[in-house]
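Each remark here refers to the structure printed beneath this line.
The values are calculated or read from the model by the stated rules, or taken from the named source; none is laboratory data. Please read all numbers here as calculations on a predicted model, not as lab measurements. Note: ideal-geometry Cβ built from the backbone for every residue, glycine included; neighbour counts use all protein chains shown.
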Amino acid sequence: MIAVLILMPCWIAAQSTESLRITHGPWLQNVTRDGATICFTTNLPAVPGILLTGRDGKPDSLVRNSTDGMIDAGGTLHKVRITGLEPGQTCSYRVIPVEILKYKPYQIYYGDTVRSKEFRFTTQNTTNKTTRFMVVNDIHTNGERLGRHLRDGHADSCDVVFYNGDMVDVFEDEAQLLTPIIDTSVRYFASSVPFVYVRGNHEARGILARKLKNYLVYPEDRYYYSFDQGPVHFVILDCGEDKPDDNRYYYGLADYDRYRLTQLEWLKKEVLSDAFRQASYRVIIVHMPIHPGDGSSHALLFLSDHFGPVIKEAGADLLIAAHTHQHLWLNGKLSGIGVPILINGHLNRIEATAGDKSLKIRVLSEKNELVTEREIDRK
Ligand SMILES: [Fe+2]
């Protein structure tokens, strides 16, 4: 729901010596054909807002979200959903939070309004004949390495960037996500191009693991889903933790096998959908590799035993995985699931372009050296 509201600042003696600032972001999430969510944080409680810059003589419009009849307000972590957009529409926006100085039942005082610089993003467009995307994984909070990949891979010219899991080592403090991952992403692309954060096993570790979605936005609030960008149908899977649920290090708090089986039922329906079957390219992205013979952990075995046959039966053009920290290319015959598998090492990135004739894939090291190059023909 979108509401438009003008808040008049109330000039009273400031109760804080700090001025309102945008401390992280903005970063785009869940950009779809008709909308996008813009996330950012402020140092002080605020009313979040997005100013969409009018085009073709139309006035600017202020977007605020409301929940249960209340305009979102009072927090420091903000998410504003823009809706009603067209596929392939380019929007210019500014982030404009308003400081809340005092919030009492019958008395609310507003402070400063901050205006960010202008950014621009484009909604998904399935009629585009080409799309460019990048994949990085197993960064383990190494923001410098991430930055080199984003800079050298020109992340800002991608339609979407995938973070294929284990971007953090553990999640105990929000700075572990915000500083090396979000800030680095914002520096290079994330205010204009969305990233898709695929959960790895390390994101499941730490007291904040259950709060990860506070900082990210997922379709239907699930870690497994599908979407289309240009000629590619992407299927995102969530591998879960690596050890058996009754492993002593989970202290009785793991329920991944049941979760994976629920996800498997979703995947069985997904591969029967028109969107999957009729796509020019079908790319599955999952943190842990899914191929028979790799039984080096409980989850790998579980995935290959249960998900492998479904993928083999359905077919796909490529499965992109991570987790092992080793680069490996397995063609459809060697992978055991009839689908080529590219496991991306932790030091490398994948740059891919899907076009009229083929899906071109390049794997490059953090020194920007070519590791391998592959081409998959369009159906
Ligand atoms: Fe992993």
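It is to be established whether one or more residues within region 131-138 are among the polar types (S, T, N, Q) and touching a residue at least 40 places away in the same chain (Cβ under 8 Å).
yes
Going through region 19-42 one residue at a time, which ones are of a type in the set (S, T, N, Q) and outside any strand (DSSP E or B)?
Ser19, Asn30, Thr32, listed by residue number.
Conditions tested, residue by residue: (1) over 28 Å from Thr126 (Cα atoms); (2) free of Cβ contacts under 8 Å to residues at least 24 places away in the same chain.
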{"site": "Ile311", "(1), (2)": "no, no"}
{"site": "Ile320", "(1), (2)": "no, no"}
{"site": "Leu334", "(1), (2)": "yes, yes"}
{"site": "Ile337", "(1), (2)": "no, no"}
{"site": "Leu342", "(1), (2)": "no, no"}
{"site": "Ile350", "(1), (2)": "no, no"}
{"site": "Ser358", "(1), (2)": "no, yes"}
{"site": "Lys367", "(1), (2)": "yes, yes"}
{"site": "Val371", "(1), (2)": "yes, no"}
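Take Asn247 and tell me if it is polar (S, T, N, Q), within 16 Å of the ligand (Cβ to nearest atom) and in contact with a Cys (Cβ under 7 Å, 6 or more places away or on another chain).
It is false that Asn247 is polar (S, T, N, Q), within 16 Å of the ligand (Cβ to nearest atom) and in contact with a Cys (Cβ under 7 Å, 6 or more places away or on another chain).
State yes or no: is Pro45 more than 28 Å from Asp228 (Cα to Cα) and either not hydrophobic (A, V, I, L, M, F, W, C) or not in a strand (DSSP E or B) (or both)?
Here the answer is yes, as Pro45 does meet what is asked.
Restricting attention to region 111-157, report how many residues are touching a Lys or Arg at 6+ places or on another chain (Cβ under 7 Å), within 19 Å of Leu216 (Cα to Cα) and assigned to a loop (DSSP other than H, G, I, E, B).
Number of matching residues: 3.
Check Val95, Val63, Val114 and return the single one that is under 21 Å from the mean Cα position of the chain (by Cα), aliphatic (A, V, I, L, M) and modelled with pLDDT of 95 or more.
The conditions single out Val95.
Which residues, counting only those in region 180-230, are within 16 Å of the ligand (Cβ to nearest atom), under 30 Å from Thr130 (Cβ atoms) and either basic (Lys, Arg) or assigned to a loop (DSSP other than H, G, I, E, B) (or both)?
Within region 180-230, Arg199, Gly200, Tyr223 qualify.
Show the residue pairs meeting these rules: Cβ distance below 9 Å; 6+ apart or different chains; first residue within region 275-296 and within 27 Å of Lys357 (Cα to Cα); second residue assigned to a loop (DSSP other than H, G, I, E, B) and aromatic (Phe, Trp, Tyr).
Val286/Tyr224
Of the conditions (1) among the acidic types (Asp, Glu); (2) at pLDDT below 95; (3) within 25 Å of the chain's Cα centre (by Cα), Asp294 fails just one. Which one is it?
Asp294 satisfies every listed condition except (3).
Is it fair to say Val286 is within 23 Å of Pro244 (Cβ to Cβ), of a type in the set (Val, Ile, Thr) and out of contact with any strand residue (DSSP E or B) (no Cβ under 8 Å at 6 or more places or on another chain)?
It is false that Val286 is within 23 Å of Pro244 (Cβ to Cβ), of a type in the set (Val, Ile, Thr) and out of contact with any strand residue (DSSP E or B) (no Cβ under 8 Å at 6 or more places or on another chain).
Restricting to region 296-321, and then to whatever is among the small types (Gly, Ala, Ser) and within 16 Å of the ligand (Cβ to nearest atom), can you tell me which residue is surrounded by the most Cβ atoms within 10 Å (Cβ to Cβ)?
Checked region 296-321; the qualifying residue surrounded by the most Cβ atoms within 10 Å (Cβ to Cβ) is Ala321.
Within the group His325, His346, His287, which residue is outside any helix (DSSP H, G or I), at positive phi and within 16 Å of the ligand (Cβ to nearest atom)?
Going through His325, His346, His287 in turn, just one is outside any helix (DSSP H, G or I), at positive phi and within 16 Å of the ligand (Cβ to nearest atom): His325.
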